[in-house]
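Structure record follows, encoded as structure tokens.
The values are calculated or read from the model by the stated rules, or taken from the named source; none is laboratory data. Small disclaimer: the values here were computed from a predicted structure and weren't measured. Note that each Cβ is placed from the backbone with ideal geometry, even for glycine, and that neighbours are counted across all protein chains shown.
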Amino acid sequence: MAEEGVVEKQEYQLKHPHSFKICSSTMTEAFELEAINTALIAVDKYKQLKDIAFYVKHEYDRKYPGSGKATEGVYHCIVGNHYASAVSHETRQFIHLKVDTYHIILWKSKDTPFTVAD
């Protein structure tokens, strides 16, 4: 019988070595480390960019679920080699990192109505 309060965490063993670099981040160090680990696993497990993005986004939604309110927001993820982006994000909820040759952007955003000035 396992002792109470002791949780055994199963770590994913990477099949291949990967390089990574944080290009830009407003996340706390703990969130950055989690994003790096999640991205490394995704790149190791999947070859298609859409599958990598799906995995990263859903892992962050699973690990850091919202309360279900529309004002709380959800995570979004973009993965690719050549693209431009301009995103609005919650405070301390954005990271742009590079794993091998893939650029990965992960951010949390809520859907808030606003008006755009002309």
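Based on what the data block shows, is Glu90 among the acidic types (Asp, Glu), surrounded by fewer than 11 Cβ atoms within 10 Å (Cβ to Cβ) and part of a loop (DSSP other than H, G, I, E, B)? So Glu90 does not fit the description; no. Among the residues making up segment 54-92, those that are under 18 Å from Ser25 (Cβ atoms) and of a type in the set (A, V, I, L, M, F, W, C) are Val56, Cys77, Ile78, Val79, Ala86, Val87.
Counting only residues that are crowded, with 21+ Cβ neighbours inside 10 Å and of a type outside the set (A, V, I, L, M), which one in segment 96-111 is farthest from His16 (Cα to Cα)? Among them, the one singled out is Lys108. Taken over segment 93-102, the residue count meeting the criterion of being in a loop (DSSP other than H, G, I, E, B), closer than 22 Å to Ala30 by Cβ and β-branched (Val, Ile, Thr) is 0.
Only residues that are among the charged types (D, E, K, R) and more than 10 Å from the chain's Cα centre (by Cα) were counted in segment 21-78, giving 11. Please state which one of Gly66, Gly73 is surrounded by 17 or more Cβ atoms within 10 Å (Cβ to Cβ), farther than 22 Å from Cys23 by Cα and of a type in the set (Gly, Ala, Ser). Result of the check over Gly66, Gly73: Gly73. Among the residues of segment 74-118, the ones that are at pLDDT below 80 and touching an Asp or Glu at 6+ places or on another chain (Cβ under 7 Å) come to 1 in all. Tell me which residues, restricted to segment 32-49, are under 16 Å from Trp107 (Cα atoms) and either surrounded by 20 or more Cβ atoms within 10 Å (Cβ to Cβ) or not aliphatic (A, V, I, L, M) (or both). Of everything in segment 32-49, those that are under 16 Å from Trp107 (Cα atoms) and either surrounded by 20 or more Cβ atoms within 10 Å (Cβ to Cβ) or not aliphatic (A, V, I, L, M) (or both) turn out to be Glu32, Glu34, Ala35, Asn37, Thr38, Ala39.
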